[in-house]
Amino acid sequence: MDRNPGIAWSGRGKVSRVEVSTDAGKAWQNAALQEPVLVKAIASLRCLWHRDGNPTEIMSRTVNKTGYVQPFFKQLMAARGGNMGYHFNPLTTLYLQSDGQVLFQATWPSCFLFIILPI
């Protein structure tokens with residue numbers, strides 16, 4: 001099992017959970033949040049998963065107490081248009097190569113809620 005630490009934040013209240021996908025969004029699991037989880041504060045988390053050595057896409061998204069789910073880029077653009085500035089927070093994808101290298105290809109300004117990096 002690989003242990004992957006991360007952080008999450010929500011400007012709309014307390015983080016209620018963080019969902020992680022290690023298969024390009026096909027399946028999601030909840031990460032373990034470290035207590036205390038406070039309102040409008042960074043929350044520490046970890047996610048355990050079995051890495052089989054194959055390349056994969058790792059995604060993570062925050063869900064807060066209001067029910068707001070961190071959106072994909074297309075969802076965010078459809079909801080808010082192009083004038084988002086500081087509050088531009090689409091879901092982020094990391095590409096894990098079989099040699100352990102982590103790649104990130106930004107298609108928008110680099111301002112997002114959180115990422116999880118494999119160790």
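In table form, for the structure just shown:
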read-out	value
Alpha-carbon spread of region 9-92, three principal axes, descending order, Å	40, 32, 18
Inverse mean reciprocal Cα-Cα distance (Kirkwood Rh) of region 1-40, Å	11.6 Å
Heavy atoms of residue 52: accessible area, 1.4 Å probe, square angstrom to 10	110 Å²
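The values are calculated or read from the model by the stated rules, or taken from the named source; none is laboratory data. Predicted model only: the values in this text are computed from it and were never measured. Heads up: the accessible areas ignore ligands, DNA and RNA and are worked out on the full protein's heavy atoms, side chains in. Shrake-Rupley method; radii C 1.70, N 1.55, O 1.52, S 1.80 Å.
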